[in-house]
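A.B. asks: Provided herewith is a single structure, encoded as structure tokens, for subsequent inquiry.
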Amino acid sequence: MNVKPLVKYFPELHHLPVEQQLALLESAYQASFGPEQKLRIWRNNLVGCGILTAAALLVIVVVGPSLKLPPAATAAIMILGVLPGFFFIQHKRYINELRPQVARLLARQSDVAQTS
């Protein structure tokens, strides 16, 4: 996993050297999304898929006809509104899933540094 783009979402790591930041993020990623977390990840993905499907059906079945929108406009709402909104929410959930692990690893690292 390339964790380099994730560094910008964790300002609490900026005081560390770049190699240490990347190592810490890689460890946090493994703790949050490693093989032992597969069942939880699958469940969250299925819930996300259900929410996306429900939002799509709501726009297609309720919003489009109630506003008397042509099918092309309803599709545009789906492509320009619902789908990017879903991607944004999923990205926020991803970052929020990593944040506690980063904090835990950073605290552990500072405890080790203080005891040395």
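The values are calculated or read from the model by the stated rules, or taken from the named source; none is laboratory data. Being a predicted model, the structure only gives us computed values, none of them experimental. As a convention, Cβ positions derive from the backbone with ideal geometry for all residues, glycine included, and neighbour counts pool all protein chains shown.
A.B. asks: Which ranges mark the helices (runs of 4 or more DSSP H) fully within segment 35-116 that have 1 or more residues being of a type in the set (S, T, N, Q) and touching a Phe, Trp or Tyr at 6+ places or on another chain (Cβ under 6 Å)?
C.D. replies: none
A.B. asks: Right, next: Which pairs have Cβ atoms under 6 Å, sit 6 or more apart or on different chains, and link a residue in segment 1-19 that is at pLDDT below 95 to one that is among the charged types (D, E, K, R)?
C.D. replies: Short answer, once both residue conditions are applied: Val3/Glu26.
A.B. asks: Would you mind telling me which numbered condition in (1) part of a loop (DSSP other than H, G, I, E, B); (2) touching a residue at least 24 places away in the same chain (Cβ under 8 Å) Leu25 fails?
C.D. replies: (1) is the only condition that Leu25 fails.
A.B. asks: Which members of segment 3-24 meet the condition of being in contact with a helix residue (DSSP H, G or I) (Cβ under 7 Å, 6 or more places away or on another chain) and more than 15 Å from Ser110 (Cα to Cα)?
C.D. replies: Val3, Lys4, Leu6, Val7, Tyr9, Phe10, Leu22
A.B. asks: Quick one: which of Leu69, Leu80, Leu39 is free of Cβ contacts under 8 Å to residues at least 12 places away in the same chain, surrounded by 12 or more Cβ atoms within 10 Å (Cβ to Cβ) and over 30 Å from Ser110 (Cα atoms)?
C.D. replies: Leu69
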